1. Can you tell me how many residues within the stretch 174-195 are closer than 24 Å to GLN122 by Cα and either modelled with pLDDT under 90 or not aromatic (Phe, Trp, Tyr) (or both)?
2. State whether one or more residues within the stretch 336-357 are away from ligand 2 (no atom under 16 Å from the Cβ) and within 19 Å of ASP469 (Cα to Cα).
3. For the stretch 131-143, what are the residues that are buried (at least 24 other Cβ atoms within 10 Å of the Cβ) and either in a helix (DSSP H, G or I) or in contact with an Asp or Glu (Cβ under 7 Å, 6 or more places away or on another chain) (or both)?
4. Right, PHE182: over 24 Å from VAL240 (Cβ atoms) and in a helix (DSSP H, G or I) or not?
5. Would you be able to say whether some residue in the stretch 371-388 is on the phi > 0 side of the Ramachandran plot and either more than 14 Å from ligand 1 (Cβ to nearest atom) or free of Cβ contacts under 8 Å to residues at least 24 places away in the same chain (or both)?
6. Where the second residue is of a type in the set (S, T, N, Q) and surrounded by 13 or more Cβ atoms within 10 Å (Cβ to Cβ) and the first is over 14 Å from ILE58 (Cα atoms) and assigned by TED's automatic domain parsing to the domain that holds ALA163 and lies in the stretch 68-90, which pairs have Cβ atoms under 7 Å and are six or more apart or on separate chains?
7. Any residue that is assigned by TED's automatic domain parsing to the domain that holds SER312 and within 16 Å of ligand 1 (Cβ to nearest atom) - is there at least one of those in the stretch 431-442?
8. Select from the stretch 379-412 the residues that are among the aliphatic types (A, V, I, L, M) and more than 21 Å from ILE327 (Cα to Cα) and write down the one among them that is surrounded by the most Cβ atoms within 10 Å (Cβ to Cβ).
Amino acid sequence: MNNLFNKIRSWTRYFLLKLVKDLTPSESKKGPVIRESKNLFQKEIKIPAFISFMFTIIAVYGMLVIGVGVESKIMFAALIFVVATVIFFVSQIQNKERDILEDNDTVVLMCLLFITAILTFQISKEYLSPFVSPVSAFSIMAAMLLSLRLGGVYAVCLSLYMAFLNDMRFDIFLTMLGSAIFVVANVHTIRRRSDFINIGAKTVVANSVLLTMFYFIGIYSSFQLKYNLFYGVLNGIFSVIILLVLMPLFEKVFSRTTNIKLIELSDFNNFLLKRLMLEAPGTYHHSIMTADIAEHAANAVGENSLLARVGSYYHDIGKLKNPMYFIENQTSVYNPHDSLNPEMSRLILISHVKEGVVFAKEYNVDNEIINIIKQHHGTTAMHAFYHRALESGLCIDMEHFRYPGPKPSTKIAAVIMLADSCEAACRSIEEHTTVRIKDMVEKIINNKFVDGQFSVCPITLKDLELMRDSIVSTIMGIYHARIEYK
Ligand SMILES: [Fe+2]
Ligand SMILES: [Fe+2]
């Protein structure tokens, strides 16, 4: 009991501190607010997490009371139920998804999903049947937009709400929970919007199996079974409609990068990738190779390999501005940097990161990809131009010849940084033997590590080891295939 009180006290303290922090104007918030983007959907939502939580609790409690009846005893029971659910929900986030509480945008999304779900359930129950309530659709949305774990938490909480709204009926709770957990467990199979139809079909199958089970254990009569089965099928159809309508809306408003969005971004008919293919073919080829290497390395450390692949496609799109100033696009022996001073060359190299961010924002590429573009060089030094500056007699600090950063802040950004450098470096190896490739990859990883490029990234030495092995094996695969079929 004491333990529970301590937990409640620490959560309350955490929320109050967060509220005070959110409401206190920081240095950067003083003065006029400059919006980088003109797009309404890309503006940050500035609602403190505590306010979002409180609003959601009050709204959900209000809807629950309207649903079950305004009577003092029931209202008190609803209050206990809401408090218990909030404690369960927050404990799940507090333990494993702490990052979510740091991001106001995500908290608003989380709360909005909950309110929309409860509102939809009330309407379904009022006008059709509780079995039409699309618990699986909202659980899938939570799994895709927030995290797989939260998808499961939503499934439990929303099924409990459905049971409470319907006189604590166990059959409703189990049917909703069973179908929601079944589809959330299959969330990884969703790669296209058309896969939502499969989700609808899986919901129908799960509903039908569970409802038939209740018939066999004598809870339903055959008439009730037919009646509930009809609404169980309607639930699947309703879930598909909800997913098709609400998912793109939430993705857009909250700038969430789902697998569906990534697949759409990886389409080579996409305007930016097409331009890269035509205007900077060398960079395009380098990006494809980097994507292969990064995808496998991300898999090796348990990260989203699709994000690694798509991030790699876009990491160098800034080179579209001046493609000929980058070695992979130079076809003749002429190098335009020969006629430039090292300072100009430095500025051109740095600009490809900034231009990449500008292009990505202009073409509505997601924030997660934009962060990869920003971080793919970290604060690494441009050694070649630094040495040229020294040779030409300039006494310049090495720090001046570093990319401005930021350093990679996620494992995926670190994976792409390494895949990018290793791909470029291994091209220059004359003979692609395992030993040479391994030496080169090891050298690059060690240099980046010693240079402090992973100082703000939650990466371990074990991860670096796994990445090294994966990068070596993918590069070996690429060059082995070329030698074989040459
Ligand atoms: Fe780059
Ligand atoms: Fe690159």
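The values are calculated or read from the model by the stated rules, or taken from the named source; none is laboratory data. Here the structure is a predicted model, which is why all the values come from computation and not from measurement. Backbone-built Cβ (ideal geometry, glycine too); neighbour counts: all protein chains shown.
1. The first filter runs over the stretch 174-195 and keeps only residues closer than 24 Å to GLN122 by Cα, leaving 174-184.
If we keep only those that are either modelled with pLDDT under 90 or not aromatic (Phe, Trp, Tyr) (or both) as well, we get 174-181, 183-184.
Residues in the stretch 174-195 being closer than 24 Å to GLN122 by Cα and either modelled with pLDDT under 90 or not aromatic (Phe, Trp, Tyr) (or both): 10 in total.
2. Checked the stretch 336-357: no residue is away from ligand 2 (no atom under 16 Å from the Cβ) and within 19 Å of ASP469 (Cα to Cα).
3. Filtering the stretch 131-143 down to residues buried (at least 24 other Cβ atoms within 10 Å of the Cβ) leaves 131, 133-143.
Within the stretch 131-143, PHE131, VAL135, SER136, ALA137, PHE138, SER139, ILE140, MET141, ALA142, ALA143 meet the criteria.
4. Numbers: over 24 Å from VAL240 (Cβ atoms): no; in a helix (DSSP H, G or I): yes.
No: the conditions fail for PHE182.
5. Checked against the condition, which is being on the phi > 0 side of the Ramachandran plot and either more than 14 Å from ligand 1 (Cβ to nearest atom) or free of Cβ contacts under 8 Å to residues at least 24 places away in the same chain (or both), the stretch 371-388 yields no hits at all.
6. Nothing qualifies.
7. From the stretch 431-442, those assigned by TED's automatic domain parsing to the domain that holds SER312 are 431-442; that's our starting set.
Checking which are within 16 Å of ligand 1 (Cβ to nearest atom) leaves us with none.
No.
8. Here is the first cut: in the stretch 379-412, the residues among the aliphatic types (A, V, I, L, M) are 381-382, 384, 389-390, 394, 396, 398, 412.
Right, trim to more than 21 Å from ILE327 (Cα to Cα) and you get 390, 394, 396, 398, 412.
Values: LEU390: 14, LEU394: 13, ILE396: 15, MET398: 13, ILE412: 25.
Across the stretch 379-412, the extreme among qualifying residues is ILE412.
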